[in-house]
Amino acid sequence: MKDPVFDLINQEKTRQKEGLELIPSENYVSETVLEAMGSILTNKYSEGYPSFQGIPGWKESKIATEILPNYRYYGGQANIDRIERLAIARACQLFHADHANVQPHSGAQANTAVYYAWLKPGDTVLGMSLPAGGHLTHGAKVTMSAKVYNFIGYGVTDDGDIDYDELESLALEYHPKIILIGYSAFMKIPDFDRIATIRDRVANESGHEVLLMADMAHVAGLIAGGVHENPLDHGFDVMTTTTHKTLRGPRGGLILSRGKVTSPLKRPEHTLDNIPTLIDRAVFPGTQGGPLEHIIAAKAVAFGEAARPDFQEYANSIVNNAKILANELIKLDFILQGNGTDNHLILIDVQESFGFDGKLYERALDMVGLTLNANSLPHDQAAFRPSGVRLGTPAITTRGLGATEMKQLALWMKKVADICIEAGSEEDLAKFSAELDAIHDEVRTLALKFPVPGV
């Protein structure tokens, strides 16, 4: 008898094929990434690391795949080591890094490891506040990191950009050990040079080294594709990211760093120059056990795909689609945070636009096969009934949608907004089932013209 789990998987396949994914943190992986994720590498325990220290040219694929000594706690690692070194080499080349740790299970784990590598309990971190568009792992009170470290939050200006004056003022007041630039709902490209200058001022005044960290989980694919600035090219020490958003790889995390790469068996001096090794030790054994080598193999495949010219075209199309969609929404009286976007993210203030909250709009759009998420805005007080919704273009761009489809999406979203105005509540959406079903049929017809990779 077949496990009913597979029936549910098939139902999810149907949902993905017949709907359009607008959540900006979601994407579709290639068939080769899927193949690596489903491989027998999941059978192998590989605690520890492959070795490449002292090997000239190790970042070249020929060297990266040779059999070399390792720092593992189990035998039988020859193939695992070659795969992981290849993933490391490809990540370093893609993002101009001196070192990459490809073992974090998620972006949250990657951030946790960097904190653990550089901070002591009670040390101060300056990061974007959650209401302003930051991430939970940047100091939200409900997280473990906020109970261990002292997070100070900076905000954004009325036009949606980072409030650099506030950031600088807070940095000079609190002398943080980490200045963190990162977000999950921010539509601008940060001024990395200005932030690096602020870090230097803090370091000079405080007398201690300050780690400059960028959490680029949302825009890593845009960086790889050359349509977004790379913080590592502007004096940042560390960049963390997930591998599954715009980067279009498997679900997981990645830590990129600049500095010396030495053996992880011995703790080096606590300096910025040694941050790559401090991070390796913080990932294992500091915060994780056995790495997921089937996922690391899929990361290696995704990094290889991201290095191809067609990925640059894809990254450019993500941004173009987002700008077109944002402009079409504005024409239809949607009020957008920041009045548009410079990346793939769009944040709509539906409360200000039409007088209802983000949860109602999320539910109504879900009923027509358009998936996005309710999202707080800087002025919101209640996270469970936020004023806005967040959407983006990575997944629909992967499927091949372009300018014409962006205009159609905006029209559907306006029709659904009009229905929400009349309904007034999620319970009363049922009264408009006929109208919503008609839109759903149109969405399904369009979605089926653009196949989901591997489905």
Quiz item: If THR341 satisfies every condition in (1) of a type in the set (S, T, N, Q); (2) outside the structural domain of ASP161 (by TED's automatic domain parsing); (3) part of a helix (DSSP H, G or I) but one, which is the exception?
Solution: (3)
Self-check item: Looking only at the range 63-73, and only at residues there that are surrounded by 13 or more Cβ atoms within 10 Å (Cβ to Cβ) and free of Cβ contacts under 8 Å to residues at least 40 places away in the same chain, the one that is nearest to GLY48 (Cα to Cα)
Solution: ARG72
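Looking at ALA403, ALA395 in this structure, which one is closer than 30 Å to ASP158 by Cα and crowded, with 22+ Cβ neighbours inside 10 Å? Steps first, please.
Details: ALA403 fails: crowded, with 22+ Cβ neighbours inside 10 Å.
The unique qualifying residue is ALA395.
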Quiz item: Is one or more of the residues making up the range 195-207 in contact with a Phe, Trp or Tyr (Cβ under 9 Å, 6 or more places away or on another chain) and within 18 Å of ASP98 (Cα to Cα)?
Solution: no
Quiz item: Can you name every residue in the range 366-386 that is without any contact (Cβ under 8 Å) to a residue 60 or more places away in the chain and either within 18 Å of the chain's Cα centre (by Cα) or buried (at least 20 other Cβ atoms within 10 Å of the Cβ) (or both)?
Solution: ALA374, PRO386
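Looking for whichever is in contact with a Ser or Thr (Cβ under 6 Å, 6 or more places away or on another chain), among the hydroxyl-bearing types (Ser, Thr, Tyr) and at pLDDT 95 or above here; the options are THR371, THR404, THR397, THR393. Which one fits? Break it down stepwise before answering.
Details: THR371 fails: in contact with a Ser or Thr (Cβ under 6 Å, 6 or more places away or on another chain); THR404 fails: in contact with a Ser or Thr (Cβ under 6 Å, 6 or more places away or on another chain); THR393 fails: in contact with a Ser or Thr (Cβ under 6 Å, 6 or more places away or on another chain).
Testing whether each residue is in contact with a Ser or Thr (Cβ under 6 Å, 6 or more places away or on another chain), among the hydroxyl-bearing types (Ser, Thr, Tyr) and at pLDDT 95 or above leaves just THR397.
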Exercise. Would you mind telling me which numbered condition in (1) more than 23 Å from LEU446 (Cβ to Cβ); (2) modelled with pLDDT of 95 or more; (3) surrounded by 19 or more Cβ atoms within 10 Å (Cβ to Cβ); (4) not assigned by TED's automatic domain parsing to the domain that holds GLY249 PRO291 fails?
Key: (4)
Quiz item: Is it the case that ARG267 is assigned by TED's automatic domain parsing to the domain that holds LEU232, among the basic types (Lys, Arg) and outside any helix (DSSP H, G or I)?
Solution: yes
Quiz item: So GLY424 clears everything in (1) more than 23 Å from the chain's Cα centre (by Cα); (2) small (Gly, Ala, Ser); (3) buried (at least 17 other Cβ atoms within 10 Å of the Cβ) except one condition, right? Which one?
Solution: (3)
Practice problem: For the range 333-342, indicate whether the set of residues that are β-branched (Val, Ile, Thr), farther than 30 Å from SER39 by Cβ and under 24 Å from the mean Cα position of the chain (by Cα) is non-empty. | Solution: yes
Quiz item: So ASP280 fits all but one of (1) at pLDDT 95 or above; (2) more than 12 Å from the chain's Cα centre (by Cα); (3) in a loop (DSSP other than H, G, I, E, B); what number is the exception?
Solution: (3)
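VAL389 - would you say it is outside any loop (DSSP other than H, G, I, E, B), touching a residue at least 12 places away in the same chain (Cβ under 8 Å) and at negative phi? I'd like the intermediate steps shown before the answer.
Working: outside any loop (DSSP other than H, G, I, E, B): yes; touching a residue at least 12 places away in the same chain (Cβ under 8 Å): yes; at negative phi: yes.
In short, yes.
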Quiz item: Going by the conditions given, is MET187 touching a residue at least 60 places away in the same chain (Cβ under 8 Å) and not in a loop (DSSP other than H, G, I, E, B)?
Solution: no
Self-check item: Which numbered condition ASN101 misses (of (1) of a type outside the set (A, V, I, L, M); (2) over 18 Å from the mean Cα position of the chain (by Cα); (3) modelled with pLDDT of 95 or more; (4) under 28 Å from ASN343 (Cα atoms))
Solution: (2)
Practice problem: Could you tell me whether any residue of the range 202-224 is touching a Ser or Thr at 6+ places or on another chain (Cβ under 8 Å) and farther than 29 Å from LEU347 by Cβ? | Solution: yes
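The values are calculated or read from the model by the stated rules, or taken from the named source; none is laboratory data. The model shown is predicted, which means the values in this text are computed figures rather than measured ones. Don't worry about glycine lacking a Cβ; one is built from the backbone with ideal geometry, like all the others, and counts go over all protein chains shown.
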